[in-house]
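Asks: Got a structure for you, written out below as structure tokens; questions coming shortly.
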Amino acid sequence: MILSNTETIPGKTVLEIYGVASGSTVRAKHVGRDFMAGLKNLVGGELKGYTELLQDARQEAVDRMIAQAESMGANAVVNVRFSTSSIAQGAAELFAYGTAVRVE
Amino acid sequence: MELAIQLGALVVFLMASYGIGSWIEARHYKKIRETEEVFADLIVTNLTTLPNQKIEHCALVKGNVVISLDYFKRFIAGLRMLFGGRLVAYEPLLDRARREAILRMKAQAKTKGCDMIINFRMETSRLANDNQQRNNNTAGVEILVYGTAIKLAHSNDTIHP
């Protein structure tokens, strides 16, 4: 599966377009991490726990998007976009979407 | 007396967070500058296509950082917000986070054997609680950068094998 956030796959031609493939996940931070981040927040700097949490969650959203694209019969997803929205106190939705296509 | 102790504790706490915060910032900047030199040859652009270039393969790369400010600087920025104007405390924070995220993206591109990143995008989101009482709990900012890493067909091996 080839992913790209450009409108075509560079160096390849798009043969067929299947439509939008998307994947999302909603994650909440857990208490232990929240506590550590709270401490880290006093001195500033990177909150590694949150960085990893969001990284994992975003990867899951991407994996779900890939699974959907595969079920459509695509072998690439172009114009991939990410969006993050906090839907409730302490929880965020990570969303990835793109156009499923078949390239040569 | 009671008040003096409380004030003293606050001042000590603020000074400590300022000291540690500044130390962390200085160390982070040093690391960023070093890594930036390593990846200096990897060009990042937000053009979507490259004219007259043959491309061998491509991959989606991304980098993210969650970063927060120390208590003292948040306190100062809070005071500053009464008068408005430039929030000097927040500027290096965002600068650091952006540069770090770009470096992570570049590192990912390097491991995939690519030598350029096109259609580079940047996104900023606040991870904060909207609740005013718990507002000290998480005042983090997330920076996400992503782009398409490409390998040009004519280029030989990567510079850092």
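The values are calculated or read from the model by the stated rules, or taken from the named source; none is laboratory data. Note that this is a predicted model, so its numbers are computed, not measured. Counting neighbours? That spans all protein chains shown, and the Cβs are built from the backbone with ideal geometry, glycine included. Surface areas here come from the heavy atoms of the whole protein model, side chains and all, with no ligands, DNA or RNA. Shrake-Rupley method; radii C 1.70, N 1.55, O 1.52, S 1.80 Å.
Asks: Could you figure out which of (1) under 30 Å from A:Thr6 (Cβ atoms); (2) at pLDDT below 90 isn't true of B:Ile43?
Replies: Checking B:Ile43 against (1) under 30 Å from A:Thr6 (Cβ atoms); (2) at pLDDT below 90, the one that fails is (2).
Asks: Taking A:Asn79 as meeting all but one of (1) more than 10 Å from chain B (Cβ to nearest Cβ); (2) surrounded by fewer than 19 Cβ atoms within 10 Å (Cβ to Cβ); (3) in contact (Cβ under 8 Å) with a residue 60 or more places away in the chain, write down the number of the exception.
Replies: Failed condition: (1).
Asks: Something else now. Spot the failing condition for B:Thr111; the list is (1) open to solvent by 90 Å² or more (accessible area, probe 1.4 Å); (2) in contact with a Leu (Cβ under 6 Å, 6 or more places away or on another chain); (3) of a type outside the set (Phe, Trp, Tyr), and only one is missed.
Replies: For B:Thr111, the exception is condition (2).
Asks: Related question: If a residue has to be over 22 Å from B:Thr45 (Cα atoms) and open to solvent by less than 60 Å² (accessible area, probe 1.4 Å) to count, how many in region A:2-19 make the cut?
Replies: 2
Asks: Moving to a separate point now. Return yes when A:Ala96 is aliphatic (A, V, I, L, M) and out of contact with any helix residue (DSSP H, G or I) (no Cβ under 9 Å at 6 or more places or on another chain) and no when it is not.
Replies: Answer is no for this residue.
Asks: Quick test of your reading of the structure: B:Asn131 fulfils all but one of (1) under 22 Å from A:Arg81 (Cα atoms); (2) modelled with pLDDT under 85; (3) surrounded by fewer than 20 Cβ atoms within 10 Å (Cβ to Cβ). Name the failing condition by number.
Replies: All conditions pass for B:Asn131, except number (1).
Asks: Ok, one more. Which of the numbered conditions does B:Ile67 fail, given that it passes all the others? Conditions: (1) among the aliphatic types (A, V, I, L, M); (2) more than 17 Å from the chain's Cα centre (by Cα); (3) within 11 Å of chain A (Cβ to nearest Cβ); (4) open to solvent by less than 20 Å² (accessible area, probe 1.4 Å).
Replies: All conditions pass for B:Ile67, except number (2).
Asks: Can you tell me which residue is nearest to A:Leu54 (Cα to Cα) among those in region A:82-94 that are modelled with pLDDT of 85 or more and crowded, with 19+ Cβ neighbours inside 10 Å?
Replies: Filtering region A:82-94 for residues that are modelled with pLDDT of 85 or more and crowded, with 19+ Cβ neighbours inside 10 Å, the one nearest to A:Leu54 (Cα to Cα) comes out as A:Leu94.
Residue-wise test of (1) in a helix (DSSP H, G or I); (2) facing another protein chain (nearest Cβ under 9 Å); (3) open to solvent by 90 Å² or more (accessible area, probe 1.4 Å); (4) within 27 Å of A:Thr13 (Cβ to Cβ).
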residue	(1), (2), (3), (4)
B:Met15	yes, no, yes, no
B:Gly21	yes, yes, no, no
B:Glu25	yes, yes, no, no
B:Ile32	yes, no, no, no
B:Thr35	yes, no, no, no
B:Thr48	no, yes, no, yes
B:Asn52	no, no, yes, yes
B:Cys58	no, yes, no, yes
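Asks: I need a count of the residues in region B:70-83 that are basic (Lys, Arg) and more than 12 Å from chain A (Cβ to nearest Cβ).
Replies: Residues flagged as basic (Lys, Arg) and more than 12 Å from chain A (Cβ to nearest Cβ) within region B:70-83 amount to 1.
Asks: Which of the residues that make up region A:1-41 are of a type outside the set (Ser, Thr, Tyr), more than 30 Å from B:Ala153 (Cβ to Cβ) and part of a strand (DSSP E or B)?
Replies: Correct list: A:Gly19, A:Val20, A:Gly23, A:Val26, A:Arg27, A:Ala28.
Asks: Right, here's the next one. Mind checking which residues of region B:60-93 are touching a strand residue (DSSP E or B) at 6+ places or on another chain (Cβ under 7 Å) and part of a helix (DSSP H, G or I)?
Replies: Selection gives B:Leu93 alone.
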